[in-house]
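Asker: Quick one: this structure, given as structure tokens, is what I'll be asking you about.
The values are calculated or read from the model by the stated rules, or taken from the named source; none is laboratory data. Remember, predicted model here, so these are calculated numbers, not experimental data. No Cβ is skipped: glycine too gets one built from the backbone with ideal geometry, and neighbour counts run over all protein chains shown.
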Amino acid sequence: MPLLDERRFPLKDGSSLNIDRCARTLKEWHKKGVLIKRNGRKVRIRLEVLREGNRLVTSREAVKRFLDATNPELSKLNGHKE
């Protein structure tokens, strides 16, 4: 699991990503995910998180993977594989 090898931060401290209302957004992406259409089927993509003690943590890389997965057309433009 890549998240284990990455520098993690608590979901409630999402402000380190400089996104407005980031902590709430990260929690929504983890709990509800985003529904996208892929190959004619609906797929729910969720943000990767780990539980460390009593808190949930994620990483910048996990957020990037989530954004790439939910925006495949942008990912292809940047030269990333889906």
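Asker: List every residue pair whose Cβ atoms sit under 8 Å apart, with the two residues 6 or more apart in sequence or on different chains, where the first one lies in the range 62-79 and is farther than 15 Å from residue 37 by Cα and at pLDDT 90 or above and the second, anywhere, is part of a loop (DSSP other than H, G, I, E, B) and of a type in the set (Val, Ile, Thr).
Answerer: 62/49
Asker: Next question. State all residues of the range 23-44 that are at pLDDT below 90, part of a loop (DSSP other than H, G, I, E, B) and more than 15 Å from residue 71 (Cα to Cα); if no residue qualifies, say none.
Answerer: Passing the criteria: none in range.
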